[in-house]
Amino acid sequence: MTFFSALLAADAAKAAPHAAPAASGAADGHGPLADIMHLFGSFGVDLPHLIVQLVNFSILAFIVYRFAVKPALGQMEERNRLIEKGLADAQAATQRLAEAQQASDAKLNAASDEAAKILAEARNSAKAAVEAAKAEAQAAQTEVIAKAKAAIEADRVKMLAEVRGEVSRLVVETAAKVLAENLDDATRGRLNEAAVKQLAR
């Protein structure tokens, strides 16, 4: 029994002698209020104690709501807000990751294309260098062949001149022996010219 219920019980005891005739009259009377009071009285509930209990319950409910329920609801709302923020951050991070993956794929494709282009250019440059080297080698070979032909031709001309001189000398000597006489310079010149003409044919 609380302080308020004890106080109401004391007031009810003081007022009981004055209110006894009225209470007995109300108890004797028939009406909805008397029936409700009688019903509550059969369960051991009287009006003063009910009012005190309602006041006590209201105070307790206010205290519980103010210091327990309201902070708990605030914490729940804060947690819900943090969870929603975490989900939003996770979704944003997933989107950023997808964008970064796309950017990385684009850069990788661009790098691959650039590498293929550089490789193709290197192959073309190497092919051009090989072709240039071939052309240079062919030019050098042609030049060597031409020089060799010129040297051979010069040697042939020189040898031919030497052979002609030797042949003309032999012809003169042979003619001199055959004729058994010494030839003068004019006859020797004519014989040389005749021999050169015969060799030139």
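The values are calculated or read from the model by the stated rules, or taken from the named source; none is laboratory data. Note that the coordinates shown come from a computational prediction; the quantities given were computed from them, not determined experimentally. Cβ coordinates were reconstructed from backbone atoms using ideal geometry, including for glycine residues, and neighbour counts include every protein chain displayed.
Here residue 30 passes the criteria (1) part of a helix (DSSP H, G or I); (2) modelled with pLDDT under 80 except the one numbered (1). Determine, yes or no, whether residue 154 is at pLDDT 85 or above, part of a helix (DSSP H, G or I), under 29 Å from residue 194 (Cβ atoms) and not hydroxyl-bearing (Ser, Thr, Tyr). Taking the combined requirement at face value, the residue satisfies it.
Does residue 163 fit the bill of being out of contact with any Phe, Trp or Tyr (no Cβ under 6 Å at 6 or more places or on another chain), surrounded by 10 or more Cβ atoms within 10 Å (Cβ to Cβ) and not assigned by TED's automatic domain parsing to the domain that holds residue 193? Considered against the rule, which asks whether it is out of contact with any Phe, Trp or Tyr (no Cβ under 6 Å at 6 or more places or on another chain), surrounded by 10 or more Cβ atoms within 10 Å (Cβ to Cβ) and not assigned by TED's automatic domain parsing to the domain that holds residue 193, residue 163 comes out as no.
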